[in-house]
Amino acid sequence: TINTTDLEKQGLYDTLRALGVTFSLAHQTVGATIANEFQATTLDTNVGAPLVLMKRTALDDVGTRIETGKHVYRADLYSFEMTLSN
């Protein structure tokens with residue numbers, strides 16, 4: 001089982017790996033949204049501020065869904081780094 005102490009100490013993915021989960025594939029969609037009251041308070045920004053929105057589903061090596069998440073980040077504090085090849 002996963003407990004709060006493990007998550008605070010090593011994060012979700014490392015905790016799951018320690019439990020034997022083998023990640024294989026993730027699908028992620030990146031978009032934009034604006035902060036509602038809860039998000040603005042939590043992220044220390046203003047209602048209506050631009051946010052980066054990410055939706056992610058991660059699967060293990062046999063196709064079992066391991067994580068489904070919807071995350072928001074302050075757009076003024078977030079950057080993307082990508083490596084592209086053909």
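The values are calculated or read from the model by the stated rules, or taken from the named source; none is laboratory data. No experiment lies behind these values; they were computed from the predicted model shown. Here Cβ is always computed from backbone atoms with ideal geometry, including for glycine, and neighbour counts include all displayed protein chains. What goes into the accessible areas is simple: the full protein's heavy atoms, side chains included, and nothing from ligands, DNA or RNA. Shrake-Rupley method; radii C 1.70, N 1.55, O 1.52, S 1.80 Å.
Below is a table of values for the structure above.
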| quantity | calculated |
| --- | --- |
| Pair list, Cβ < 6 Å and 6+ apart or interchain, from region 32-45 residues that are under 15 Å from Leu77 (Cα atoms) to residues that are open to solvent by 50 Å² or more (accessible area, probe 1.4 Å) | Ala35/Val47; Ala40/Asn46; Ala40/Val47; Leu43/Arg74; Thr45/Arg74 |
| Tally, over region 51-79, of residues that are surrounded by 15 or more Cβ atoms within 10 Å (Cβ to Cβ) and either farther than 25 Å from Asp14 by Cα or of a type in the set (Val, Ile, Thr) (or both) | 5 |
| Odd one out for Asp44 among (1) open to solvent by 50 Å² or more (accessible area, probe 1.4 Å); (2) among the acidic types (Asp, Glu); (3) out of contact with any Lys or Arg (no Cβ under 9 Å at 6 or more places or on another chain) | (3) |
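Table: residues versus (1) touching a Leu at 6+ places or on another chain (Cβ under 7 Å); (2) in a loop (DSSP other than H, G, I, E, B).
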| position | (1), (2) |
| --- | --- |
| Val21 | no, yes |
| Gln28 | no, no |
| Ala32 | yes, no |
| Thr45 | no, yes |
| Leu59 | yes, no |
| Val62 | no, yes |
| Ile66 | yes, no |
| Gly69 | no, no |
| Asp76 | no, no |
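Rundown of residues vs (1) hydrophobic (A, V, I, L, M, F, W, C); (2) surrounded by 12 or more Cβ atoms within 10 Å (Cβ to Cβ); (3) within 21 Å of Asp60 (Cβ to Cβ), yes/no style:
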| residue | (1), (2), (3) |
| --- | --- |
| Asn3 | no, no, yes |
| Asp6 | no, yes, yes |
| Arg17 | no, yes, yes |
| Gly20 | no, no, yes |
| Ser24 | no, yes, yes |
| Ile34 | yes, yes, no |
| Glu37 | no, no, no |
